[in-house]
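Asker: Shown below is the structure under consideration.
The values are calculated or read from the model by the stated rules, or taken from the named source; none is laboratory data. This is a predicted model, so every value here is computed, not measured. Methodologically, a virtual Cβ is constructed for each residue, glycine included, from the backbone with ideal geometry; neighbour enumeration extends over all protein chains shown. The area values use the complete protein model at the heavy-atom level, side chains included, leaving out ligands, DNA and RNA. Shrake-Rupley method; radii C 1.70, N 1.55, O 1.52, S 1.80 Å.
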Amino acid sequence: MQFNKLRLPLFVIASFLFGLKTYFMYRFMFGLTIENLMQEFILFVNPLASAYLVFAISVWLKPKNQMRYLRWTAIAGTLILYLNLVFYRNFTDFITIPVLFQGNNAADLTSSIFTLIHFEDVLLILDIIIIWLLSVKSIHAAVHFSRHSKIAATAVTFLLLAGNVVLAEIERPMLFVRAFDREYLVKNIGIYNYHIYDATMQTKTKAQRVFADDSEISEIETYMKEETGSKESSEMFGVAEDKNVIFVSIESFQNYLLDSEINGTETTPFLNDLKERNDTIWFENFYHQTAQGKTSDSEFIVENSLYPLDRGSVYFTHAQNEYNALPEILNQNEYETTVFHANNKSFWNREVMYDNIGYDEFYGEESFEETEENSFGWGLEDKDFFEQSIPYLEDQEQPFYSKFITLTHHFPFELPEEKANIDKHDSGSQTLNDSFQTARYTDEAVEVFFNELKESGLYEDSIIVLMGDHYGISEFHNKAMGEFIGKEINGYEHMQLQRVPFMIHIPGYEDGENSDEVVGQIDVKPTLLNLLGIEDEKDLTFGTDMFSDDRKGFIAMRDGSFVSDDYIYTDSICYDRETGEEIDPEEEACAPVREKVDQELQYSNDIIYGDLFRFYDFK
Ligand code: GP9
Ligand code: MN
């Protein structure tokens, strides 16, 4: 064997092979983006350092265990990498500990597993085979390391680790403090160190509740009073007083679908028409702000006007906290509050969370009749879902607040061919191609719902709010998406793609408009309360009434990116919001808002991790 001539201990060879493989995966399979030479260098060095760190432990083992350790470590390491890769292909994100306990991720992954596993993945076992062969054939490669060389080998570990951290801090100052961007963490310290970091965070956030006290909430209260915009009522105050609220959360709907056409057919004829009507206010610059909790995050933001968590879903990790959620406030104002969603009640831990935040009733899967004909993919199709909901709605005490969560337009966007009234798109991404058919279907379902509401007589006494919950097409499909919208997708365009439909439809209203105000899910709660004429001055929210003249002027994303009235900031680049042009970093144009964004995200985390609302009197 060539290797033996070099007389390199096997753990060094294994570190090299495994590290190299990891680098190739980062670069070409995860496709992590590189902005400069320094980043490239770090990306190349950190896998080698990490691999060495783990494999070098073998020197402390008895010779006969050394080889076994190397073999199994290579397998376990590959498995961790590979699971992250499959997850990344679907979510453009890395696994966190809370995410492992979110059943739905597994469900999401299994339903689409064949698009997420690629043929070339087989190559990932190459290094394992080599390590295995070498470790079996050259038993003599197992050595009694002298005390001296054991210490030397370990010292190198620490040197590499320290070197890596120093480089990462130079490249990305405050990396560990502003750690909500997981991609940066992985790029700089590697996936294994990232997982160790994540585990540390898990312990730390668990401890945060225990050590929290009431001084923290008064600091946050002061911040909100000064910074998050006016709580004064706006001109729209009470416009929908005593009306029912029908809130429709439309699964995975993004703005690119609106006004789009496939082979001359409109994708969303009903919504296109609705948004232009005099009895509808459409916010064309409405952004979703969700993170790993997907739909549940969007529900959480809307109900609480707080940010979702940087790791996992709040619905899962903090369902028992004290909140002052929308349904609770509405209950105090004599509203009946309900949720309709034709899925398993425990999905996203909804049952527990809904109960805690005050919903009177949750109509889940078992409230609906599912047959072979009316269900596919994720379950009951949207048209049947709405139709079957009507009798329940009619039975409710008025006024009511009812939330509907649709399901059909969900990744992987499957629809039986005979139910499709629009062609598939034709691009390199099957996901994007298929999405138009399910979007069209859901558009028709919303129309069915409107008609049924009119027939039942509920329509006139209600306002209907439609909102897209989060993106449906991930960054993984940027190429096809870029071709479709006719733009190359850089950070700026990526942020603009996070716009989702948001329409407030008020039957009988005549001053409908298209608003270009920059707004987001965080603003929904104060906006709805204002429309309903409900004053809650003691409420603590990060959002502001969308109709207010005194707004704070930015929408923050969970990863620290933001859209402000003037700028869009993401991946450390500041763009002009109007023109999309990059602004010279020297100008520090985005810095003032960035500070506020970081502050708010931190405060929001403190509230949730510390369960701080238990120290505050909302009455
Ligand atoms: C499932 C539905 C979809 O109940 O909310 O969940 P998502 O994957 O979009 O979070
Ligand atoms: Mn969703």
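Asker: For the stretch 191-196, in order, what is each residue's ³J(HN,Hα) by Karplus, 6.51 cos²θ - 1.76 cosθ + 1.60 with θ = phi - 60°, in whole Hz (x at glycine and Pro)?
Answerer: 5, 6, 5, 4, 5, 5
Asker: Kirkwood hydrodynamic radius of the chain from all distinct Cα pairs, in Å? If you can, show how the numbers build up before the last one.
Answerer: On the way: mean 1/r = 0.0381 Å⁻¹.
Roughly 26.3 Å, rounded to one decimal.
Asker: From largest to smallest, what semi-axes in whole angstrom does the stretch 488-619 give when each is the square root of 5 times an eigenvalue of its alpha carbon gyration tensor?
Answerer: Working: eigenvalues 155, 101, 28 Å².
That gives 28, 22, 12 Å for the three semi-axes.
Asker: OK, next. Give the calculated FRET efficiency between Glu578 and His144 to the nearest 0.05, with a Förster radius of 51 Å applied to their Cβ-Cβ distance. Could you put the intermediate results ahead of the total?
Answerer: Values: r = 69 Å, r/R0 = 1.36.
Between Glu578 and His144 the formula returns 0.15.
Asker: For the stretch 10-207, with the dipole built from +1 on Lys and Arg beta-carbon atoms and -1 on Asp and Glu ones, taken about the Cα centre, which of Leu185, Val99, Ile129 lies farthest toward the positive end?
Answerer: Ile129
Asker: Ranked from highest to lowest mean number of other Cβ atoms within 10 Å per residue, what is the order of the peptides 294-300, 465-471?
Answerer: Working: 294-300: 26.6, 465-471: 23.4.
Top to bottom by mean Cβ count within 10 Å: 294-300, 465-471.
Asker: Send over the Kirkwood Rh of the stretch 448-535, from the inverse of the averaged 1/r over different Cα pairs, rounded to one decimal Å. Provide the component values of the computation, followed by the final result.
Answerer: Numbers: mean 1/r = 0.0627 Å⁻¹.
16.0 Å is the Kirkwood radius here.
Asker: While we're looking at this one, here's another question. Could you give the length gained by full extension between Glu169 and Leu123, i.e. 0.36 nm per residue of separation minus their alpha carbon distance, to one decimal place? Mind dumping the intermediate values first?
Answerer: Values: separation 46, 0.36 × 46 = 16.56 nm, distance 3.30 nm.
Gain on extension, Glu169 to Leu123, equals 13.3 nm.
Asker: Next question. What's the magnitude of the charge dipole for the stretch 451-596 around its Cα centre, counting Lys and Arg as +1 and Asp and Glu as -1 at the beta-carbon? Answer in Debye, nearest 20. Walk me through the numbers before you get to the answer.
Answerer: Numbers: 12 positive and 35 negative charges, 119 e Å.
It comes to approximately 560 debye.
Asker: Still on this structure: Ile97 versus Ala162, label points 7 Å from Cα toward the beta carbon: distance in nm?
Answerer: Reported label-point gap for Ile97 and Ala162 is 2.8 nm.
Asker: Highest first, please rank the peptides 427-436, 454-463, 73-82, 284-293 by the mean number of other Cβ atoms sitting within 10 Å of their residues.
Answerer: On the way: 427-436: 19.5, 454-463: 15.1, 73-82: 17.0, 284-293: 23.6.
The packing order, highest mean first, is 284-293, 427-436, 73-82, 454-463.
Asker: To the nearest 20 debye, what charge dipole does the stretch 230-556 have about its Cα centre, counting +1 at the Cβ of each Lys and Arg and -1 at the Cβ of each Asp and Glu? Intermediate values should be presented prior to the final figure.
Answerer: Working: 21 positive and 68 negative charges, 255 e Å.
Result for the stretch 230-556 is approximately 1220 debye, rounded to the nearest 20.
Asker: For the stretch 20-89, count all C-alpha to C-alpha pairs, find those more than 20 Å apart, and express that count as a whole percent of the total.
Answerer: Working: 936 of 2415 pairs.
Summing the P(r) of the stretch 20-89 above 20 Å gives 39 percent of all pairs.
Asker: Which entries in the list Lys225/Lys275; Lys275/Lys525; Lys150/Lys204; Lys275/Lys538; Lys231/Lys275; Lys62/Lys204 go over 24 Å, if you measure between the two C-alpha atoms of each? Each step should come with its number before you reach the end.
Answerer: Values: Lys225/Lys275 33 Å; Lys275/Lys525 21 Å; Lys150/Lys204 33 Å; Lys275/Lys538 33 Å; Lys231/Lys275 27 Å; Lys62/Lys204 35 Å.
Result: Lys225/Lys275; Lys150/Lys204; Lys275/Lys538; Lys231/Lys275; Lys62/Lys204 exceed 24 Å.
Asker: Follow-up. Could you work out how far the C-alpha centroid of the stretch 115-138 sits from that of the stretch 401-441, in angstrom?
Answerer: Value for the Cα centre distance between the two parts: 38 Å.
Asker: If you don't mind, another one. Given R₀ = 35 Å, FRET efficiency for Asp214-Ile390 by Cβ-Cβ distance, to 0.05? Provide the component values of the computation, followed by the final result.
Answerer: Working: r = 46 Å, r/R0 = 1.32.
For Asp214 and Ile390, the calculated efficiency is 0.15.
Asker: Counting only protein chains, not ligands or nucleic acids, how are Lys419, Lys62 ordered by accessible area (probe 1.4 Å), most first?
Answerer: On the way: Lys419 50, Lys62 140 Å².
Most to least solvent-accessible, the answer reads Lys62, Lys419.
Asker: Students often check this: by mean Cβ neighbours within 10 Å, which of 325-337, 258-270, 402-414, 518-530 ranks highest, and how do the rest follow?
Answerer: Details: 325-337: 20.1, 258-270: 15.9, 402-414: 23.7, 518-530: 25.5.
Descending mean neighbour count gives 518-530, 402-414, 325-337, 258-270.
Asker: Quick one: how many Å² of Asp536 are accessible to a 1.4 Å probe, rounded to 10?
Answerer: Looks like 40 Å² after rounding.
Asker: OK, next. Enumerate the calculated ³J(HN,Hα) couplings along the stretch 307-314 in order (Karplus 6.51 cos²θ - 1.76 cosθ + 1.60, θ = phi - 60°), each rounded to whole Hz, writing x wherever the residue is Gly or Pro.
Answerer: Working through the residues one at a time gives 7, x, 7, 6, 9, x, 10, 4 Hz.
Asker: Also, quick follow-up: Tyr82 to Asn65: extension gain in nm, 0.36 nm per residue of separation minus the Cα-Cα distance? Provide the component values of the computation, followed by the final result.
Answerer: Values: separation 17, 0.36 × 17 = 6.12 nm, distance 2.55 nm.
Between Tyr82 and Asn65, full extension yields an extra 3.6 nm.
Asker: Order the following by accessible area, largest value first: Trp348, Trp72. Probe radius 1.4 Å; ligands, DNA and RNA are ignored.
Answerer: On the way: Trp348 5, Trp72 140 Å².
Ranked from most to least accessible, the order is Trp72, Trp348.
Asker: Helix 591-609: angle to the longest alpha-carbon principal axis of the chain, degrees 0 to 90, nearest 10?
Answerer: Helix 591-609 sits roughly 90 degrees off the main axis of the chain.
Asker: Return the inverse of the average 1/r over all pairs of distinct C-alpha atoms in the stretch 367-465, which is the Kirkwood hydrodynamic radius, in Å to one decimal.
Answerer: Hydrodynamic radius (Kirkwood, Cα only) of the stretch 367-465 equals 14.7 Å.
Asker: Work out the length of the dipole vector of the chain about its Cα centre, built from +1 on the beta-carbon of each Lys and Arg and -1 on the beta-carbon of each Asp and Glu, and round it to the nearest 20 debye. Intermediate results must be reported in sequence, preceding the final value.
Answerer: Details: 47 positive and 105 negative charges, 1293 e Å.
It comes to approximately 6200 debye.
Asker: Between the stretch 284-333 and the stretch 591-619, what is the C-alpha centre distance in whole Å?
Answerer: Between the Cα centre of the stretch 284-333 and that of the stretch 591-619, the gap is 13 Å.
Asker: Between Glu227 and Asp511, with labels modelled 7 Å along Cα→Cβ, what's the label distance in nm to one decimal, could you check?
Answerer: 3.2 nm
Asker: While we're here: To check my understanding: the extent here is largest minus smallest coordinate of the Cα atoms along each principal axis. What are those three numbers for the stretch 230-556, in Å, largest first?
Answerer: Dimensions of the stretch 230-556 along the principal axes of its Cα atoms: 51, 44, 43 Å.
Asker: Sticking with this one: Once the dipole of the stretch 10-207 is set up with Lys and Arg at +1 and Asp and Glu at -1 on Cβ about the Cα centre, which of Trp72, Ser112, Met38 lies farthest towards its positive end?
Answerer: Working it through, the farthest residue towards the positive pole turns out to be Trp72.
Asker: How many angstrom lie between the C-alpha centres of the stretch 195-232 and the stretch 470-514?
Answerer: Centre-to-centre (Cα) distance: 31 Å.
Asker: Given just the C-alpha atoms of the stretch 10-207, how large is their convex hull per residue in cubic angstrom?
Answerer: On the way: hull volume 26.6 nm³, N = 198.
Dividing the Cα hull volume of the stretch 10-207 by its residues yields 134 Å³.
Asker: Of all beta bridges DSSP finds with both residues in the chain, what is the antiparallel percent, to the nearest 5?
Answerer: Values: 22 of 47 bridges.
If we restrict to bridges inside the chain, about 45 percent are antiparallel.
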